[in-house]
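Step one of this worksheet: look at the structure below.
The values are calculated or read from the model by the stated rules, or taken from the named source; none is laboratory data. Predicted, not measured: the structure shown is a model, and the values here were computed from it. Cβ placement follows ideal geometry from the backbone for every residue including glycine, while neighbour counts extend to all protein chains displayed.
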Amino acid sequence: MASTDPAQQAALLERLRLGDEAAFDLIFRTWYAPLVQFAERMLRERESAEETVQDVMLELWKRRETLVIQGSPQAYLFQSTRNRALNRLRHLKVENREEFDTDTLPAPSNADAGASEQEIEVALREAIDSLPPRCRVVFEMNRVQGLKYAEVAAALGISVKAVEAHMARALRTLRERLAPWLPKGRSI
C-alpha cells in the first residue's frame, strides 16, 4: 500500500517521472481495485469501469515525464477516473441518442398544416412545462438528452426506481394533455 506521507508520495511520483516501473506497479496495485469500484458506481458496468481505469493508468504511464500532480496521487487518480467515466457516459449518450419521437404525432392533413404543427409544438411544450420540476428534469434527460435510466439516476443521485416512477408520471401526464393530437391507439 502506498504511503499517505506527503514526502513519500512526492518521492513515489519522482520515481514514476524517472520511469521507475516498480513505482508505477505500486501505484497500479494500490489504486486499481478502488478506482474500478469508483468507476463502476458511475458507469454501472464492470467491464467499462475496468477499461476506464486501465485508460487512466496507461495515460499516467505515458505522461509520467511531464506529469504535474498537485496534491496526492490518489486524488489525481480519482479525479482522472471520474473525468474519463463522465466522458464515456457522454460518448454513450451520443451513440444511443433517443430524440423525442415526434412521429407519434399525426401529420396535418389540410391547408392549415403550419398552424396545426405550431399548436402541437406549443401543446407539447406546455405539457412538458406543466410537469413537476424533478419529473420534468428526468423526462428531458431521458427523452431529449438521450440518457438511459441508470445514467439519469446517477446524474441526479436518485435510484433507478425513482427515475422509472418519474418517467411513468411524465408519460401519463403527457398522454392526457396531448390526447387531442394523438391518433386513437397511439401513445407517447
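Any residue at all in the range 126-134 that is of a type in the set (V, I, T), at pLDDT 85 or above and at negative phi?
yes
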- Set V152, V137: member being surrounded by 18 or more Cβ atoms within 10 Å (Cβ to Cβ), in contact (Cβ under 8 Å) with a residue 12 or more places away in the chain and closer than 26 Å to A39 by Cα: V152
- What helices (runs of 4 or more DSSP H) completely inside the range 1-65 contain at least 2 residues that are acidic (D, E), touching a residue at least 40 places away in the same chain (Cβ under 8 Å) and surrounded by 12 or more Cβ atoms within 10 Å (Cβ to Cβ)? none
- Task: Within the range 3-54, track down each residue that is in contact with a Ser or Thr (Cβ under 8 Å, 6 or more places away or on another chain) and more than 30 Å from V152 (Cα to Cα).
- Result: T4, P6, Q9, L12
- Message: So, N142, is that one surrounded by 13 or more Cβ atoms within 10 Å (Cβ to Cβ), at pLDDT 80 or above and out of contact with any Cys (no Cβ under 8 Å at 6 or more places or on another chain) or not?
- Response: yes
